Amino acid sequence: MDVRDLLFEIGTEEIPARFMPWALEEIKKIATEEFQKERLVYKAIESYGTPRRLVILVRGLQEKQDDLVEEIKGPLWSQAFDIYNNPTRAALGFAKSRGVPVETLKKKEINGQFYVFAIIREEGKDTASVLPALLDRLIRRLVFPKNMYWREPSLRFVRPIRWLLCLYGDEVIPLQLGSLTGDKVTRGHRFMGSSRVEISSASEYLEKLYDNYVIVDQAKRKEKILSGIASIEMEHNVKAVLPPDLIDENVFLVEYPVPFIGTFDESFLSLPEEVLITVMIHHQKYFPVKDVGGKLKPAFIGVSNNRATDMAVVREGNERVLRARLSDAVFFYNEDLKKPLALRVNDLQGIVYQESLGTLYDKVMRVKDLALNLCNELGCDEETADLVERAAFLSKADLVTNMVYEFPELRGVMGREYAKANGENERVARALHEQYLPAFVGDALPRDIIGAIVGIADRIDNIVSCGKMGLLPTGSQDPYGLRRTARCLNELILGLAIDVDLKRIVENSARSLKCDPDVAGRVMEFLKQRLYVQLREKGFSHDVASLALAVIGEKPLQAVKLAEQLESVRKEEWFQNLVTAAIRVRNILAKAGDFEPKAVDETKFQSDSEVKLYRKIQEITPKLSDALKKYQWERIISLLLDLEPIISEFFEKVLVMAEDPEIRENRLSLLYECNKLFRLVGDLGAIRGSKSGD
């Protein structure tokens, strides 16, 4: 069958760069679904995008739909036709409902029964006749996080659509969308290209737009940006800071990227480096520049969307804008230094944290108390506790500074810088920044325990506060980012090996917030769920992760250590035998009916296997309890290893349900003691699947 390429371009006002990566994936996904639905066969679908256009290029699209052949199952053949093969009312009704003659019904066997089938055939239509409706659905299904309405009330899109380029081979597809009609005309670069570029076929599209200063392929725009920056780096002997997200954002801010280097006055280097970088990256979308030694230079690399005759004009314009932003930052910085952080803490009383939870000042006091409780639990010395108390007291003071009000991304960073300038202890100053670490998966961890303790207390207060308000996540909804908060909490605890009892600190927080009795339990269940997810991500099997959390889930660090020990032995034969024995013990006791355990009577033992098991239980039970209290997981595994051959021998040689009722009850009492021992380390039966793997 003959094929042609389909080119569909949606021309718009400038689309926000942050939407574009998602939009390119989404439009390709929707197009794939629509073409499959319409039985249109193609070789490949490509998606492209610039700030002013979204494009799909469908290569090798056949000129006709595949024919539809559908088999629809009906009633039993015996119900549809009599013994003389005449159709009954059931057959006539089925044929009529499916729009086929009754004589075309077919007989097919399914699981030994014969059924009536209607065979529906529909000849495929020409692709060109199907495309207008298909492309209309494609546009209407593309729903962005934020959308706009304009002329046609029923149509919404991220930005007003200004033109539609729709070519199937060299044929224009007459798509009608509001007042717009599909055409073979597109537009070049807003400043450097033609406002009318006629495209004859898909094969010339990319080249013709390049001639009009539009690089449609985002991968090639990225390549041009990076090569231009590399040339600047080589020419000026500098190294640009290249965050991946900023590179991608610049890719979708321009249609024809032209990297350039600009400078700013060296006096601005007196500002903290993070301030300069924040202004350049987050507000101006520039790439900061450092020398070969890693020191920030008074320069930046920008990406222009205009290859001006005189690029000096572009550079000077960007320098002027940056100079204004940095001048504001200098003013805020100097003004903020006039009032020490300690004097700003009372200002937090004027900021409502949440109506039912009090002010931000109230939160700071709660966090301070939690942090001190945590110090006591961890056995911190008096000096450390004093530093933690001071850091917690100052932890949110920078939120009421001018700098953080203008640049919220600098919270914590400015707290650290202002604390240094105020003469606070170096560790306290560092903690004001490190309390927020890690901020995301893979982020750096605090270098000092001071910031870590404040960070744990702050996150617990956030989660318990939301628990009190009934805002713990359900389903896929998590508007307050509590799953991320819990993940970062666990990463902090595990990364720094902080052996904290979350249950205790959650209960302390719940009391401080005057929560209902069930809140602490619900919060702990939520935290255990998040820890379970992280254990699975670390490669632990479901049963091992579940058992570790059941035994010691309130202490994440110990839960991981236990999981490591269990995972190391779960596939060993002795451990599998022990698990099987644990399950047998549990099942036998469950089937024993109204059996009431009594003290084991050694005089009623009839075999050495009973004696050995009883004495081994007496020997290792106190040792196992001691090891559990001290979290000596390797020792626990060793004790279980000693038990395995003895209990396996017991089940090989001893019939528990003996005919003599006294012997039977004594053996059941022995198994009851054995079960008590097993329950110390959780439900080992949960790992039964270890023999067949995860």
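Bear in mind that the values in this text are calculations on the coordinates, not laboratory data. Just so it is clear, the structure is predicted and the values come from calculations on it, not from any experiment. So basically every Cβ, Gly included, is an ideal-geometry build from the backbone, and we count neighbours across all protein chains shown.
The calculated 222 nm mean residue ellipticity attributable to helices in the chain amounts to -16000 deg cm²/dmol, summing -39500 (n - 2.57) over DSSP H runs of n ≥ 4 and dividing by all residues. Across the chain, C-alpha contacts under 8 Å between residues 6 or more apart give a mean separation that, scaled by the residue count, equals a relative contact order of 7 percent.
Label-to-label distance for residue 292 and residue 321 is 3.3 nm, based on points extended 7 Å past Cα in the beta-carbon direction. For the chain, the membrane-span-like helix rule (DSSP H, alpha carbon extent of at least 24 Å along the helix axis, mean Kyte-Doolittle at least 0.0) picks out 360-378, 449-468, 573-590, 633-653; this says nothing about an actual membrane. When you restrict to C-alpha pairs under 8 Å that are six or more residues apart and normalise by the size of the range 218-337, the relative contact order lands at 30 percent. The share of Cα pairs per 5 Å bin across the range 352-537, counted from zero up to the longest distance, runs 1, 8, 17, 21, 22, 16, 10, 4, 1, 0 percent.
Evaluated with a Cβ-only charge set (Lys, Arg +1; Asp, Glu -1), the range 68-122 carries a dipole of roughly 80 debye about its Cα centre, given to the nearest 20. Considering only Cα atoms, the convex hull volume of the range 68-122 works out to 66 Å³ per residue.
In vacuum, with every alpha carbon of the range 206-355 counted as one equal point scatterer, what does the Debye formula give for log10 I(q)/I(0) at q = 0.09, 0.20 Å⁻¹? Two decimals, please. The Cα Debye sum returns log10 ratios of -0.38, -1.23.
Across the range 569-692, Cα pairs under 8 Å and at least six residues apart give a relative contact order of 49 percent. Here the spin labels are modelled as points 7 Å beyond Cα on the Cα-Cβ line, and at residue 126 and residue 439 they lie 5.8 nm apart. Along the Cα-to-Cβ line of residue 247, 7 Å from the Cα, sits a label point; which residues in the range 202-229 have backbone N less than 13 Å from it? The answer is 219-229. Along the axis of the charge dipole computed for the range 396-477 (Cβ charges of +1 for Lys and Arg, -1 for Asp and Glu, origin at the Cα centre), the listed residues 419, 437, 465 are led at the positive end by 465.
As a size descriptor, the averaged projected area of the C-alpha convex hull of the range 230-278 was calculated at 4.3 nm².
Applying 1/(1 + (r/R0)^6) with r as the Cβ-Cβ distance of residue 190 and residue 119 and R0 = 56 angstrom yields a FRET efficiency of 0.50. Full extension of the segment from residue 156 to residue 649, taken as 0.36 nm per residue of separation minus the current Cα-Cα distance, would add 170.0 nm.
The modelled label-to-label distance between residue 67 and residue 338, using points 7 Å beyond Cα along the C-beta direction, is 8.6 nm. Comparing 407, 485, 56 along the charge dipole axis of the chain, the residue lying farthest to the positive side is 56, per the Cβ-charge model. Lysines within cross-link reach of residue 555: Cα-Cα under 27 Å, excluding same-chain residues under 8 positions apart? Within the straight-line limit of under 27 Å, residue 555 reaches these lysines: 363, 368, 468, 503, 514, 528, 538, 571, 623, 629, 630, 676.
How long are the three semi-axes of the equivalent ellipsoid of the range 96-195, in whole Å, if each is the root of 5 times an eigenvalue of the C-alpha gyration tensor, listed from largest down?
Numbers: eigenvalues 420, 66, 30 Å².
In descending order the semi-axes read 46, 18, 12 Å.
With a Förster radius of 41 Å applied to the beta-carbon distance between residue 25 and residue 619, the computed FRET efficiency rounds to 0.10.
Would you mind giving the three semi-axes, in whole Å and largest first, of the ellipsoid equivalent to the range 481-539 according to its Cα gyration tensor?
Semi-axis lengths for the range 481-539 are 22, 13, 9 Å.
Put simply, the convex hull of the Cα atoms in the range 442-484 casts, on average, a shadow of 3.6 nm². When only the Cβ of Lys, Arg, Asp and Glu is charged (+1, +1, -1, -1), the dipole of the range 352-537 relative to its Cα centre reaches about 500 debye.
Binning all Cα-Cα separations of the range 379-421 at 5 Å, short to long from zero, yields these whole-percent fractions: 5, 24, 25, 19, 11, 9, 5, 2.
Cβ-Cβ distance of residue 79 and residue 478, R₀ of 45 Å, FRET efficiency by 1/(1 + (r/R0)^6): the value works out to about 0.25. Converting the Cα gyration tensor eigenvalues of the chain into ellipsoid dimensions via √(5λ) gives semi-axes, longest first, of 58, 50, 22 Å.
Are there any chymotrypsin sites (Phe, Trp or Tyr not before Pro) in the range 12-103 that are in a DSSP loop and have at most 10 other Cβ atoms within 10 Å? List them by number.
Within the range 12-103, the qualifying chymotrypsin sites (Phe, Trp or Tyr not before Pro) (loop, at most 10 other Cβ atoms within 10 Å) are 84.
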